[in-house]
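Working notes for the structure below.
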Amino acid sequence: MESRDLFEILAREQAPALRSFLRAAGCDHATADDVWQETMLIAWRRIDEFDRSRPFGPWLRGIASRVLMGVRRKQAKLELIGDENSLEYLNRRMHQIEQLPGDTLDEKLHALRDCITLLPAHERECVELRYQQDLMPQGIGERIGSSVEAVKKRLVRAKQHLLECLERKVSADVRYPV
Amino acid sequence: MSLSPQQKQELDDRWIDTLLNESYHPTTPIEEARWSQLQATLDRESKSIEPNAQWYHLQRWAFGVIAASILVLLGYNLFVTNQHKDAFAAVERCEAARLVPQEYRFQMTQQAPLGRTRRVNAKLYLDGRGRFVVEHPGWLGLEPLWIGGDSKSRWIVPRMGPAIKGGETLIGGWLARRDIPSPYLHLQTTLDRLKQAYQLELLDAGADTDSVRASEPHLATCQRVRGTIRSQRTNLPTSIELWIEKDSGLARRVIVRWERNPEDRGPLLWQLDDVGPCDKQDDFFTLEGHIEPSRRVLDIQQEQQLKTVEIES
């Protein structure tokens, strides 16, 4: 298979995960778009350097990390993660998700959706109001009759439970140390 | 990996946050639009590379026919073609690495009428996102003249009078008539032209004592690419040389040469030398970063407007 054809297949597969990686690194929508485009362009130009025996996702996100570090250096006021260790950590976290069953990121995220169903009801309610209905903690508090602080604590605990649940699911398939 | 437990916790929080957003609001339709945009950019890039690819194929075919009778010539030509391909790859690597903000020492040797030459020492700053700024000492050397822009626009802040801004063609043309062909200040444009209009070869980076002194050992380990103009068009430089750092692809030195009749005026030689990373803030690369808010700015839209502009510096 020609390198350029290979690029299109692999890049299409990895595009949503790359986007999530950039968002986790603190990019707003506009910066994520710019870095996404630049990363893909560099990857396309360098596809001949890609070692086909290794996974494409970490390679692509490695390029994105270097682009991000460049952006961060120039625009220090942006709340971006710009240090190599943190970006590498997030890269590995994203690679853990790639180990889960499914062909697309959306399919792999079924594991997370399973984990949400396992949350205690009061935590699940907060998660759904926050992420499904895009309510801020104050709006959630008004809806469920709790203080903002109590909502924030519930969300933190919920996310901790989700992290543990996801780690268990990843461990069940393959262990990838972080 | 040296991250504290708290740092890991913060990163995990961001990670789960992103996954939850993705989980409830998959980005597939937006991703398609983004992909189409990327595809259009890649198509444009492919087209700019295609003519060279066709040229290689044509050369190889032609060499094959000639080989039957002229084996020596075949060997020589194959060597040249491979040289061009290797050098082309090096330029592409440099192009991919251009994202790094970098500062260059910029020496301009200009030819004045009657064969006299004049050397101007300036500074070139690249932001790594396609914008450049030149700190020029001014034609009279009194106070700096600032010139900036990107692939589509240019701006000039003279010592006195209004600042001007406008499209690359208009302002760039005006600068070129004042011996500053600004496309060569935009590294991406230089690399594009090098790939498209020049016969490329890889040279021994440390061999030429005219260009590399003993005090510059960092250049001896670079890849050195020389491009020689394919067709003699008087307005293009006759050669462009690049010293490309092997590990990073960074352009450590660029030398652009023109050939002129003694009675002509214009640039003869430009030399850019990498000084180090550029730590200028974003507004340094904008016109607004170099003027007082009260200063008048002429937004030039037509050639006619330029005729009334007299820059004093």
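The values are calculated or read from the model by the stated rules, or taken from the named source; none is laboratory data. None of the values given here were measured: they were computed from a predicted structure. Positions of Cβ are backbone-derived with ideal geometry, glycine not excepted, and every protein chain shown enters the neighbour counts. Surface accessibility is based on the protein's heavy atoms, side chains included, excluding ligands, DNA and RNA. Shrake-Rupley method; radii C 1.70, N 1.55, O 1.52, S 1.80 Å.
Applying the selection to segment B:178-211, what residues are modelled with pLDDT of 70 or more and among the charged types (D, E, K, R)?
B:R178, B:D179, B:D192, B:R193, B:K195, B:E201, B:D204 - these are the residues of segment B:178-211 that are modelled with pLDDT of 70 or more and among the charged types (D, E, K, R).
When segment A:15-42 is filtered for residues that are open to solvent by less than 10 Å² (accessible area, probe 1.4 Å), more than 9 Å from every other protein chain (Cβ to nearest Cβ) and over 10 Å from A:R61 (Cα atoms), the ones remaining, listed by number, are A:C27, A:A32, A:V35.
Does any residue of segment B:155-173 turn out to be open to solvent by 40 Å² or more (accessible area, probe 1.4 Å), within 16 Å of the chain's Cα centre (by Cα) and at pLDDT below 85? There is at least one residue in segment B:155-173 that is open to solvent by 40 Å² or more (accessible area, probe 1.4 Å), within 16 Å of the chain's Cα centre (by Cα) and at pLDDT below 85. For segment B:259-287, filtering for residues that are open to solvent by 90 Å² or more (accessible area, probe 1.4 Å), within 12 Å of B:L126 (Cα to Cα) and outside any strand (DSSP E or B) leaves 2. Answer yes or no as to whether A:M69 is farther than 14 Å from A:G26 by Cα and within 10 Å of another protein chain (Cβ to nearest Cβ). In short, no. Taking segment A:44-57 as the range and being more than 10 Å from chain B (Cβ to nearest Cβ) and either modelled with pLDDT under 85 or open to solvent by less than 30 Å² (accessible area, probe 1.4 Å) (or both) as the test, the residues that pass are A:I47, A:F50, A:D51, A:R52, A:S53, A:R54, A:F56, A:G57. Residue count for segment A:37-55, restricted to those that are in contact (Cβ under 8 Å) with a residue 24 or more places away in the chain and assigned to a helix (DSSP H, G or I): 8. Remark: pairs (first residue in segment A:89-107, facing chain B (nearest Cβ under 9 Å); second residue crowded, with 21+ Cβ neighbours inside 10 Å and assigned to a loop (DSSP other than H, G, I, E, B); Cβ separation under 7 Å; 6+ apart in sequence or on different chains) = A:L90/A:A25. Of all residues in segment A:84-121, those satisfying the criterion of being open to solvent by 50 Å² or more (accessible area, probe 1.4 Å) and assigned to a helix (DSSP H, G or I) are A:E84, A:N85, A:E88, A:R92, A:D106, A:E107, A:H110, A:R113, A:D114, A:T117, A:A121.
Confirm whether B:T189 is among the hydroxyl-bearing types (S, T, Y) and more than 23 Å from B:G289 (Cβ to Cβ). No; evaluated as a whole, the condition is false for this residue. Residues in segment A:145-160 that are surrounded by 15 or more Cβ atoms within 10 Å (Cβ to Cβ) and at the interface with chain B (Cβ under 10 Å from one of its Cβ atoms): A:L155, A:A158, A:K159, A:Q160.
For A:V71, the conditions (1) in contact (Cβ under 8 Å) with a residue 40 or more places away in the chain; (2) out of contact with any Gly (no Cβ under 9 Å at 6 or more places or on another chain) are fulfilled apart from (2). Scan segment B:86-121 for residues that are at pLDDT below 75 and closer than 30 Å to B:P262 by Cα and jot them down. The answer is B:P113, B:L114, B:G115.
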